[in-house]
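To keep things clear, I will list the structure first and then write my remarks on it.
Coordinate-derived values only; no laboratory data. Note that the structure is a prediction, hence the values are computed from the model and not measured. All Cβ positions, even for glycine, are placed from backbone atoms using ideal geometry, and neighbour counts span all protein chains on display.
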Amino acid sequence: GDVGAGEQVFSANCAACHAGGQNVIMPEKTLQKDALTQYLSGGMKEGSVVTQVTNGKNAMPAFGGRLSDDDIANVASYVIDQASGDKW
Ligand code: HEM
């Protein structure tokens, strides 16, 4: 996916709960490398982010049907780029 396009998707759809890679609802479930490795179903991979964003999980809403497949792929690339590079 396109990391730059994904940053725009993130700002518009994710930052309300995940600004700066944090998590305002479940504070331990950040989008940082350690937390994704520990908590994200399927491990710290773009495909795992795609699944969670598409389907939602607990208090996180599902974005399948609200975002295009391209938007979801791009935001997943952005999240993994940020986490793997310790950019947040
Ligand atoms: C968890 C991404 C939007 C609330 C997560 C995780 C990812 C993620 C990767 C796993 C983090 C971990 O397990 O450490 C995204 C993306 C979003 C988005 C890319 C936008 C497309 C939102 C929004 C909310 C939210 C808008 C609040 C209304 C949560 C919550 C969890 C979570 C509560 C923890 C779920 C659980 O394990 O019970 N998010 N998120 N997310 N997100 Fe989001």
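Just how many % of Cα pairs in the chain lie over 17 Å apart, if you round to the nearest whole percent? It would help to have the intermediate numbers written out before the result.
On the way: 1496 of 3828 pairs.
Considering the chain, 39 percent of its Cα-Cα pairs are separated by more than 17 Å.
Can you compute the modelled spin-label distance between Thr54 and Trp88, with each label point 7 Å from Cα toward Cβ, in nm?
Going by the 7 Å Cα→Cβ label model, 2.2 nm.
At a threshold of 8 angstrom on Cα-Cα distance, excluding pairs fewer than six apart, so keeping six or more, what relative contact order does the chain reach in percent?
Details: 110 pairs, mean separation 36.3, N = 88.
Dividing the mean separation by the residue count of the chain yields 41 percent.
Counting other Cβ atoms within 10 Å, which trypsin sites (Lys or Arg not before Pro) in the stretch 46-88 have at most 13 and lie in a DSSP loop? Walk me through the intermediate numbers first.
Numbers: sites: Lys57, Arg66, Lys87; in loops: Arg66, Lys87.
Here the sparse-neighbourhood loop sites are Arg66, Lys87.
Sequence gap at least 6, Cα distance under 8 Å: using those rules, report the relative contact order of the stretch 41-87 to the nearest whole percent.
Details: 32 pairs, mean separation 16.7, N = 47.
Over the stretch 41-87, the number comes to 36 percent.
Under a point spin-label approximation (7 Å from Cα along Cα-to-Cβ), what is the Ala5-Asp81 distance to one decimal in nm?
Those two pseudo-labels are separated by 1.2 nm.
Can you give the translational diffusion coefficient of the stretch 42-88 in µm²/s, computed by Stokes-Einstein from the Kirkwood radius over Cα pairs at 20 °C and 1.002 mPa s? Before the final figure, lay out each step's value.
Values: Rh = 10.8 Å.
Rounded, D is 198 µm²/s.
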